[in-house]
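For reference, the structure is listed below as structure tokens.
The values are calculated or read from the model by the stated rules, or taken from the named source; none is laboratory data. Quantities reported herein were computed from a predicted structural model and do not represent experimental measurements. Note that we place each Cβ from the backbone using ideal geometry, even for glycine, and neighbour counts take in every protein chain shown. SASA here: full protein model, heavy atoms, side chains in, ligands and nucleic acids out. Shrake-Rupley method; radii C 1.70, N 1.55, O 1.52, S 1.80 Å.
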Amino acid sequence: MNTLALDLLRLLYIGSTETFLVYAAFQRLLRRREDRNRLQYAAALLIYAACTIFDAANNFPVYFVFIFCYVLITVISLLFYDNPLEIRLIIPFLFVALNYSATIIATTLVWSFTSGNIAEYPPNLAQNFVSQTLLSALFLLFVWLFSRLRSLKSQNSAFFMAVLTICCPLLTLILLVKLFYQGSAGISETHLMTNRLCIAGLLFLTALTLFYLADRVASMHESLLYSATLEQMLAMQEKYYASLQEHQQDLRRISHDIKNHSRVIAGLIEQGRYDEAKDYSLSVANDTR
């Protein structure tokens, strides 16, 4: 197979795997809207795949690809998912941070095992078949880890929050200090590899922090919905009790009237005024119709 055909296969492989990563991550982290046409959703994913192929073919700078991909997946998130707005805006950035973390790790590991020469480090993190497969596996592993963290949080929320609020800032600080000292060090293969892995670690921690933020927003939104539902139920309950109380008052009034009418009729009968008692009972019966 010639070089052109291999390059076309590589581009198709990158486009298809990147699109699958968007689909897999969003399916786990967001809630799909059922009222959206599936063909429209598939068309949006195909547009994203075409854009990633175009990016890979032209080997654009990382910052350009980051902005371009973020805009596309944010549009997909806003159009085809039903979470609160804040979460639909956070998750795309989380995706990009995780994706670049996996990309840097995969690129650096493949480079270190195949070459290790600084001059041969892939410019703009260009991927081949091996590195793209590795980054896809790493990304799916990260997403699975986040979903596991969500279940662990529900089981032991206090412990999870304590670990996250301590470990994430601490590890971020350590990695930033490490990068600061590396800035004055000489360039070498080890230096480059450590630098890239530190950046990948910072991106992963950023994604983890965003995941925690999105989870907190989701919890707050659920609490607000629960409070609103509870208030609505309480209002309906108050209305029911008010109606019940009014009904009981009506029953007491009817019972009081019946007693009064019974006394009048009994008094007329005791006096031998049977016709008047009959007429009175008929008049009461007509009034209650």
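The table that follows gives values for the structure above.
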item: Only listed residue being at pLDDT below 80, open to solvent by 90 Å² or more (accessible area, probe 1.4 Å) and charged (D, E, K, R), chosen from D257, D275; result: D275
item: Those residues of region 49-75 which are over 22 Å from Q27 (Cα atoms) and among the aromatic types (F, W, Y), in sequence order; result: F54, F60, Y63, F64
item: Test: I104 is modelled with pLDDT of 90 or more, in contact with a strand residue (DSSP E or B) (Cβ under 9 Å, 6 or more places away or on another chain) and either assigned to a helix (DSSP H, G or I) or within 20 Å of I73 (Cα to Cα) (or both); result: no
item: P84 vs. criteria touching a Leu at 6+ places or on another chain (Cβ under 9 Å) and modelled with pLDDT of 85 or more; result: no
item: Residue check, A218 touching a residue at least 40 places away in the same chain (Cβ under 8 Å) and open to solvent by less than 60 Å² (accessible area, probe 1.4 Å); result: yes
item: Test: residue in region 209-228 that is in contact with a Cys (Cβ under 9 Å, 6 or more places away or on another chain) and assigned to a helix (DSSP H, G or I); result: yes
item: Enumeration of residues in region 85-126 that are open to solvent by 20 Å² or more (accessible area, probe 1.4 Å) and farther than 30 Å from H191 by Cβ; result: L85, E86, R88, L89, I90
item: Any chance L251 is free of Cβ contacts under 8 Å to residues at least 60 places away in the same chain, open to solvent by less than 100 Å² (accessible area, probe 1.4 Å) and of a type in the set (A, V, I, L, M, F, W, C); result: yes
item: Test: residue in region 7-18 that is among the hydroxyl-bearing types (S, T, Y), closer than 17 Å to F80 by Cβ and surrounded by fewer than 18 Cβ atoms within 10 Å (Cβ to Cβ); result: no
item: Residues (of a type in the set (G, A, S), over 16 Å from L192 (Cα atoms) and part of a helix (DSSP H, G or I)) located in region 107-137; result: S131, S136, A137
item: Enumeration of residues in region 102-128 that are more than 36 Å from the chain's Cα centre (by Cα) and either among the acidic types (D, E) or under 18 Å from L11 (Cα atoms) (or both); result: E120
item: Residues that are in contact with a Phe, Trp or Tyr (Cβ under 7 Å, 6 or more places away or on another chain) and not polar (S, T, N, Q), drawn from region 101-119; result: A102, W111
item: Boolean, S136 is open to solvent by less than 30 Å² (accessible area, probe 1.4 Å), in contact with an Asp or Glu (Cβ under 9 Å, 6 or more places away or on another chain) and in contact (Cβ under 8 Å) with a residue 40 or more places away in the chain; result: yes
item: Test result for R216, modelled with pLDDT of 80 or more and among the charged types (D, E, K, R); result: no
item: Search result, residues across region 22-76 that are part of a loop (DSSP other than H, G, I, E, B) and open to solvent by 20 Å² or more (accessible area, probe 1.4 Å); result: R31, R33, E34, D35, R36, N37, N59, F60, P61
item: Top-ranked residue in region 177-195 [being at pLDDT 80 or above and within 17 Å of L205 (Cβ to Cβ); ranked as surrounded by the most Cβ atoms within 10 Å (Cβ to Cβ)]; result: N195
